[in-house]
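I have placed the structure first, in the form of structure tokens, so that the comments after it can refer back to it.
Each value in this text was obtained by applying a stated rule to the coordinates, not by laboratory testing. Fair warning: this is a prediction, and the values are worked out from it, not measured in the lab. Reconstructed Cβ throughout: ideal geometry from the backbone, glycine too, with neighbour counts over all protein chains shown.
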Amino acid sequence: MRAWTARRYDTEHNTVGTVLHLHGAGAGVLVVIEVGGFLGIGTHPVAIPALDMAFMQDEAAEVHAVTNWTKEELKNMPRHEDKE
């Protein structure tokens, strides 16, 4: 299932990645996030439970996702591979 594109922030409002899409339904939903790299080069996808995130929309209707995970913690997670 394709989701909207949302920047992902830590609790200090630092950008830590971009939400790519969601897997699953209900309490088991995983959010796939693109992390690492620079200007899209060297990035890799990781998956975390949706329950570890809070989504919100700002005044300009941009969707933001906030988490307690740091950029370094996300970059060190194993690469997520979509199953075809």
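The table below lists the values:
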read-out	value
Selection from the range 65-74 of residues that are buried (at least 17 other Cβ atoms within 10 Å of the Cβ) and not aliphatic (A, V, I, L, M)	Thr67, Trp69
Top-ranked residue of the range 29-64 - restricted to ones that are in a helix (DSSP H, G or I) and touching a strand residue (DSSP E or B) at 6+ places or on another chain (Cβ under 8 Å), ranked as surrounded by the fewest Cβ atoms within 10 Å (Cβ to Cβ)	Asp52
Residue list for the range 75-84, restricted to those being surrounded by 15 or more Cβ atoms within 10 Å (Cβ to Cβ) and more than 17 Å from His21 (Cβ to Cβ)	Lys75
Residue within the range 18-29 that is in contact with an Asp or Glu (Cβ under 6 Å, 6 or more places away or on another chain) and of a type outside the set (Lys, Arg) present	yes
